[in-house]
Amino acid sequence: MKIQEIREIIKLVDNSSIDEFTYESEGTKVKLKKNGSIASTTPSVPSEPAAPAAPAPVAAVPAATPKAEEMVSEEVPELPVNSNKDLHPILSPMVGTFYQSPSPEEPAYVKPGTKVKADQVVCIVEAMKLFNEIEAEVDGEIAEILVKDGQLVEYGQPLFLVKTN
């Protein structure tokens, strides 16, 4: 499991009403608890009995918590791009691949100077073979495109700056 996927799961659990989430796949186990612990990723060993395996993630949670917090805080320095109060950043709502157009043969949704409405699609972010249309969120003019077509983007990463009036 990639660290980007773990970050997205952390955000989804944090924004949901569930208190605990466990995911196990291909020898990796991720356990999230809202109150007290953030994340735990441990390799699971099928040859061990089930009873001893349960305490292992609990013991690993405190050790993994500072690292998970540090990884999430790495994204924060990217956000102060908005030094001008008239510029509104459009942030990626998920981890995925950024595309400027609906297909390679079609023109980009927007380019710098394009006037946009709050509900207008400005790009697509592909996540797990699902193409998610990202909307402008505000009325204004595209001032800058901050990522390249086909680039991987993180949750909360600024994609565009929109000049609002």
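The values are calculated or read from the model by the stated rules, or taken from the named source; none is laboratory data. Just so it is clear, the structure is predicted and the values come from calculations on it, not from any experiment. Glycine also receives a Cβ, built like all others from the backbone with ideal geometry; neighbour counts cover every protein chain displayed. Ligands, DNA and RNA are excluded from the accessible area calculation, which covers all protein heavy atoms including side chains. Shrake-Rupley method; radii C 1.70, N 1.55, O 1.52, S 1.80 Å.
Worth pointing out:
- Here is the figure for region 93-109: residues that are crowded, with 17+ Cβ neighbours inside 10 Å and closer than 10 Å to Cys123 by Cα total 4.
- Residues (more than 11 Å from Phe98 (Cβ to Cβ), among the charged types (D, E, K, R) and assigned to a strand (DSSP E or B)) located in region 111-165: Lys115, Glu133, Glu135, Glu141, Glu144, Lys163
- Output for region 1-32, where each listed residue is open to solvent by less than 70 Å² (accessible area, probe 1.4 Å) and of a type in the set (Phe, Trp, Tyr): Phe21
- In region 119-134, the qualifying residues are those that are more than 16 Å from the chain's Cα centre (by Cα) and open to solvent by 40 Å² or more (accessible area, probe 1.4 Å), and the one that is modelled with the lowest pLDDT is Asp119.
- Selection over region 145-162 of residues that are surrounded by 14 or more Cβ atoms within 10 Å (Cβ to Cβ) and more than 14 Å from the chain's Cα centre (by Cα) gives a count of 6.
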